[in-house]
1. Please list, by residue number, everything in the range 48-62 whose backbone N is under 15 Å from a paramagnetic label point 7 Å out along Cα→Cβ of Leu108.
2. Starting from the Cα of Asn45, step 7 Å along the direction of its Cβ; do the same at Asp128; then give the gap between the two resulting points in nm.
3. For the range 14-153, with all protein chains present and a 1.4 Å probe, just round the carbon and sulfur fraction of the accessible area to a whole percent.
4. Net charge around Asp160, counting only other residues with Cβ within less than 14 Å of its Cβ (Lys, Arg = +1; Asp, Glu = -1)?
5. Counting each pair of different Cα atoms once, what's the Kirkwood radius of the range 71-171 in Å, rounded to one decimal?
6. Can you spot the lysines whose alpha carbon is less than 21 Å from Lys40's alpha carbon? Ignore those fewer than 8 places along the same chain.
Amino acid sequence: MMNYRFFLVCLTLILMTLQSAQAQKFGYVNSADLIESHPKVAGANAELETYRKSIMDPFEAKAKAFQSKYDFFVQEVNAGTISKVTAQSRAEALQQEQDSLKSEQQKLEFAIIQKRQALLQPILTEIDSIIQVMGKEEKYTMIFDTSVNGGLLFAQETDDLTAKIKAQLKP
């Protein structure tokens with residue numbers, strides 16, 4: 001009798017587990033495709049390019065001026081028209097200027113990355129909120145992202161929510 005009850009309890013638990021596993025609903029999206037096809041991305045990219053040019057053009061002019069100074073220095077050294085002491089002091093000055101330019105370039109590249117993140121954040125927030133709402137309204141257990149390499153090895157095309165979400169993106 002005790003074994004019979006144990007068997008019934010185990011059978012009930014197994015059936016409940018199988019039933020809940022069947023009730024799960026999964027979907028997937030390609031977030032990179034969603035971002036790229038968002039109506040506001042073209043404007044954000046144009047604004048980012050304008051910003052990049054505004055800070056990089058003056059820097060590139062400085063870098064070009066440095067390259068000219070360096071080339072002239074190399075010509076003087078190769079021609080033997082400057083003393084070793086002068087050559088050494090100018091080489092040190094050029095090295096400092098080069099280090100300064102590298103540092104400035106890193107700061108500018110970081111500023112461009114920050115600007116890109118600031119421009120894309122509202123777009124990412126909108127996409128995420130659409131995914132969250134769709135997940136809750138359509139009772140998805142999980143929604144995966146296929147833009148991550150190896151994130152999803154196989155999925156039915158009917159579970160792809162990318163087109164549904166694209167339709168909800170606002171210009």
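The values are calculated or read from the model by the stated rules, or taken from the named source; none is laboratory data. Because the structure is a prediction, the values reported are computed rather than measured. With ideal geometry, Cβ positions are generated from the backbone for all residues, glycine too; neighbour counts draw on all protein chains shown. Calculation scope for accessible area: heavy atoms of the full protein, side chains included, ligands and nucleic acids excluded. Shrake-Rupley method; radii C 1.70, N 1.55, O 1.52, S 1.80 Å.
1. Only 49-62 pass the distance filter.
2. 2.3
3. Result for the range 14-153: 56 percent of the exposed heavy-atom area is carbon or sulfur.
4. Local net charge: -2.
5. For the range 71-171, the Kirkwood estimate is 19.3 Å.
6. Lys53, Lys115, Lys164, Lys166, Lys170
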